[in-house]
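The values are calculated or read from the model by the stated rules, or taken from the named source; none is laboratory data. Quick caveat: nothing in here was measured; it's all calculated off a predicted structure. All Cβ positions, glycine included, derive from the backbone under ideal geometry; neighbour counts span all protein chains shown.
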Amino acid sequence: MSDSPKPPRNAGLGYFRDRSVVVTGASSGIGYDVALAFGEQGANVTLLARRRVQLEELAQKVNKAGGRALAIDCDVTDRPRVFWSIDQAREAFGKVDILINSAGLLIAETVEETRPEDLERMMAVNVFGALNAMQAVLPFMRKQKSGNIVNISSLAGRRGVSPLGGYSATKFALVGITEALRVELFNTGVRVSLVMPGVIDTPMARGALKHESIKGMPAMMAMPARWVTWAVLAAAAFGLTEVDVPPGAAVAEKLASLFPGVTDALISMGSRFLQTATQMMGGGEKKDDSPKR
């Protein structure tokens with residue numbers, strides 16, 4: 001854990017100034033960008049992730065941007081460590097106003113080939129990790145009768161697509177838990193939001209999109225992480241129930257669920273088209289792997 005954060009020279013600037021924010025999965029991707037954005041808005045940001053070196057580097061950027069950072073190496077699947085980390089955030093900043101559940105794991109594979117242990121790993125991070133963090137902050141948020149929990153799910157949590165069946169299952173679960181919690185917290189002052197992004201240009205997505213069936217998709221469809229960051233900031237600022245990235249995407253998926261057979265056919269044809277296009281773009285000639293002189 002890093003030393004106690006000191007106020008920066010330009011402390012007090014920004015919409016989220018003096019707000020205490022906890023961001024999981026802060027060492028890379030969406031979590032990294034979200035944490036930095038809160039720092040730029042003057043927030044006190046507790047950075048949680050497993051990779052200590054990356055967290056320390058981010059903490060320096062947050063401090064320089066105008067926020068105050070506390071970096072804690074924490075695996076969200078380690079429940080005692082999560083609760084201890086939240087206690088450290090409260091000790092450093094006096095409270096926890098906002099929780100951003102950004103930690104995630106994506107292992108791309110068809111349902112037929114998915115290994116049970118890989119699905120368990122994704123469930124542990126994407127569902128139980130988020131649950132651990134929420135249950136750690138909820139007693140304090142209930143007591144102070146205020147707070148914002150923002151869970152970053154995925155459009156794959158509204159519509160299962162191949163080869164992300166296992167990942168979709170975890171995100172469906174996160175959506176269900178989030179919606180149930182929102183009902184439980186009605187009229188308590190604690191607000192719960194869902195952010196539902198599509199394909200985002202992050203290391204996790206780039207790794208998953210190497211799967212044979214969806215190669216080539218990043219260049220055509222991936223969106224910058226900052227788009228999700230804007231959605232998270234809006235959700236935290238206004239307590240929005242759900243924010244899609246791009247806007248309206250989840251609504252389209254809900255409408256598509258009214259005609260599942262047609263939707264399945266369209267997605268299947270689209271996937272095959274992408275595979276064919278990718279093969280053509282990669283060159284139609286067969287590679288000669290024989291030894292060269």
Scan the stretch 179-197 residue by residue and report those that are among the polar types (S, T, N, Q) and surrounded by 17 or more Cβ atoms within 10 Å (Cβ to Cβ). 193
For residue 125, state whether it is touching a Ser or Thr at 6+ places or on another chain (Cβ under 9 Å), of a type in the set (Val, Ile, Thr), over 22 Å from residue 228 (Cα atoms) and free of Cβ contacts under 8 Å to residues at least 60 places away in the same chain. no
For the stretch 162-196, enumerate the residues that are aromatic (Phe, Trp, Tyr) and over 16 Å from residue 103 (Cα atoms). 186
Counted residues, the stretch 99-122 - those being over 24 Å from residue 231 (Cα atoms) and either within 15 Å of the chain's Cα centre (by Cα) or surrounded by fewer than 17 Cβ atoms within 10 Å (Cβ to Cβ) (or both): 11
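Would you call residue 87 acidic (Asp, Glu), buried (at least 20 other Cβ atoms within 10 Å of the Cβ), under 18 Å from residue 139 (Cβ atoms) and modelled with pLDDT of 95 or more?
Values: acidic (Asp, Glu): yes; buried (at least 20 other Cβ atoms within 10 Å of the Cβ): no; under 18 Å from residue 139 (Cβ atoms): yes; modelled with pLDDT of 95 or more: yes.
It is false that residue 87 is acidic (Asp, Glu), buried (at least 20 other Cβ atoms within 10 Å of the Cβ), under 18 Å from residue 139 (Cβ atoms) and modelled with pLDDT of 95 or more.
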The conditions are (1) touching a strand residue (DSSP E or B) at 6+ places or on another chain (Cβ under 7 Å); (2) assigned to a helix (DSSP H, G or I), and residue 149 fails exactly one of them. Which is it? (2)
When only residues in the stretch 125-174 that are crowded, with 24+ Cβ neighbours inside 10 Å and hydroxyl-bearing (Ser, Thr, Tyr) count, which is nearest to residue 199 (Cα to Cα)? 154
Are any of the residues in the stretch 44-56 modelled with pLDDT of 95 or more, surrounded by fewer than 15 Cβ atoms within 10 Å (Cβ to Cβ), over 17 Å from the mean Cα position of the chain (by Cα) and among the acidic types (Asp, Glu)? no
Inspect the stretch 167-174 for any residue being touching a residue at least 24 places away in the same chain (Cβ under 8 Å) and over 17 Å from the mean Cα position of the chain (by Cα) and give the result as yes or no. no
Restricting the search to the stretch 88-122, which residues are without any contact (Cβ under 8 Å) to a residue 12 or more places away in the chain and under 30 Å from residue 189 (Cα atoms)? 91
